[in-house]
1. Tell me the residue from LEU85, LEU7 that is at negative phi and at pLDDT 90 or above, please.
2. Do any residues in segment 53-79 that are without any contact (Cβ under 8 Å) to a residue 12 or more places away in the chain and on the phi < 0 side of the Ramachandran plot have Cβ atoms under 6 Å from those of residues that are loosely packed, with under 14 Cβ neighbours inside 10 Å and part of a helix (DSSP H, G or I), where the two are at least six apart or on different chains, and which pairs are they?
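The values are calculated or read from the model by the stated rules, or taken from the named source; none is laboratory data. The structure presented is a predicted model; accordingly, all values stated were derived computationally and were not measured. Cβ: placed from backbone, ideal geometry, glycine included. Neighbour counts: every protein chain shown.
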Amino acid sequence: MRNQQRLQGSKLRITIILAITAVLLSIPLIAMQFTNEVKWTPSDFAVAAILLLSTGIAIELVIRNLRPGTTRTIMLIVILISLFLIWAELAVGIFGTPFAGS
């Protein structure tokens, strides 16, 4: 019974990850319909989807495999900081790497 509840919880979290990814990706898609300031290509959407999904899956793995506590909290913070730093680098090139968007 307990394993079945865990499985349902995991399925719910995966569904939430997919829904949040879709909502976040729809923001620039909708914005592109109303302004010329947003110009995303299909590859931009693909990279963003991969980044968001991999972050969501990493968070799911941490939640699933680590007990609540300091280690779990630190891992979640590291994952989110990594997401934001990679996103910022791709958007404006804050570190000046070759794959920066600017």
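1. After ruling out the rest, the residue left standing is LEU85.
2. Correct list of pairs: empty, since none qualify.
Listed here are the residues, each with its yes/no results for (1) more than 26 Å from ASN3 (Cβ to Cβ); (2) not in a helix (DSSP H, G or I).
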site: PHE45; (1), (2): yes, no
site: VAL62; (1), (2): no, no
site: ILE81; (1), (2): yes, no
site: ILE94; (1), (2): yes, yes
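Let's see how each residue does on (1) in contact with a strand residue (DSSP E or B) (Cβ under 8 Å, 6 or more places away or on another chain); (2) over 30 Å from PHE99 (Cβ atoms); (3) surrounded by fewer than 11 Cβ atoms within 10 Å (Cβ to Cβ):
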position: GLN8; (1), (2), (3): no, yes, yes
position: TRP40; (1), (2), (3): no, no, no
position: GLU60; (1), (2), (3): no, no, no
position: ARG64; (1), (2), (3): no, yes, no
position: PRO68; (1), (2), (3): no, yes, yes
position: MET75; (1), (2), (3): no, no, no
